[in-house]
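Please treat every number below as a calculation from the coordinates, not as lab data. Just so we're clear, the structure is a prediction, and the values are computed from it rather than from any experiment. Glycine gets a Cβ as well: all are built from the backbone with ideal geometry, and neighbour counts include every protein chain shown.
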Amino acid sequence: MPRRLLERCRPDSIREFRAAARQRYDDALALATSGHRTGAIYLWGYSAEMTLKAAYFSLVGLAETDVITWQGHLQPAINRGQGMGVPWPRPGAGHNVSAWAELLVAERALTTATAYATEFGLNVQR
């Protein structure tokens, strides 16, 4: 009997976020070139979300294969963002691409060694 989907999935990690981002980006390209633009846009949004999460958790010091959980990492990151003034609506909180972008920019701005130039940070948020 085949293994169930949840048994085949690996836990979230920076490595898994990056792999998912690459795979969904390629899937989106295939959809876009075959005329399925709405599906492509959806998958590019997913790819952006995974890229931002990987960048954020890498910035805060997690290793590539550290397991990322809702309670231990995602919810505390959202709470931190809200504490920094990042507007983070409740519905779909873990998937808010704009909020993840703003959190990443705000977190990087706190460290002069990794701070974005102002114009670049604003472009990331847009």
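Summary table
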{"quantity": "Cleavage-rule hits, GluC sites (Glu not before Pro), segment 1-102, DSSP coil, Cβ neighbours within 10 Å at most 13", "calculated": "Glu64"}
{"quantity": "Ratio Rg/Rh, restricted to segment 5-125 and using Cα atoms, in which Rh is the Kirkwood radius", "calculated": "0.99"}
{"quantity": "Length-normalised contact order of segment 5-125 in % [C-alpha pairs under 8 Å, at least 6 apart]", "calculated": "24"}
